[in-house]
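Below you'll find the structure, written out as structure tokens, and then a few comments.
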Amino acid sequence: MGYINYKRSSAYILMRNFQILLFLLLVLVSCSKKNPGRPDDVLSKPEMVEILQEIYLKEAKISKLSLPFDSSQALYEKVEKELFLKYDIKDSVYERSMNWYYENPEELQDVYEVLVDSLMVLEKREQEVIGPQRPDPNDGEIR
């Protein structure tokens, strides 16, 4: 019987190639997109855009009131509860949805692109109704 060099046998080469292929397959699977789709308990993109649009508009109105921080926070929480009642969603659904979109940045980017576009359209409509605003000549002056 002759001595067989195991490292040069076809079985060894086949097994080694299989291990390399398996490793590469695992790397590809682990790097693949893990987003199988939006879960049912997460708000859709149009719903998120609509709710976020109202939230941003309400926040802007509240911030213009120049209230103390704690008063503005209390008012915002009240307005937020009313908003969730209006859309018939629970705050936990909103939070879960925001977390899912944060974990899926491409989806979140889509939401914010539509949101920014819709806010710009609203601003343009408001400018058409109100007309161009003249700057306050005293704005920015030190008195």
Positions within the stretch 66-107 being closer than 16 Å to residue 55 by Cα and of a type in the set (A, V, I, L, M, F, W, C), in sequence order: 74, 75, 79, 83, 84, 85, 89, 93, 98
Residue check for residue 59: in contact with a helix residue (DSSP H, G or I) (Cβ under 7 Å, 6 or more places away or on another chain), more than 22 Å from residue 123 (Cα to Cα) and of a type in the set (D, E, K, R): no
Pair list, Cβ under 8 Å, 6 or more apart: the stretch 65-79 residue closer than 19 Å to residue 94 by Cα, other residue among the β-branched types (Val, Ile, Thr) and surrounded by 14 or more Cβ atoms within 10 Å (Cβ to Cβ): 75/62; 76/62; 79/62
From the options 48, 15, 98, residue that is at pLDDT below 90, hydrophobic (A, V, I, L, M, F, W, C) and out of contact with any strand residue (DSSP E or B) (no Cβ under 6 Å at 6 or more places or on another chain): 15
Residue in the stretch 19-40 that is touching a helix residue (DSSP H, G or I) at 6+ places or on another chain (Cβ under 6 Å) and either β-branched (Val, Ile, Thr) or modelled with pLDDT under 95 (or both) present: no
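The values are calculated or read from the model by the stated rules, or taken from the named source; none is laboratory data. These figures come from a predicted structure and were not determined experimentally. Note: ideal-geometry Cβ built from the backbone for every residue, glycine included; neighbour counts use all protein chains shown.
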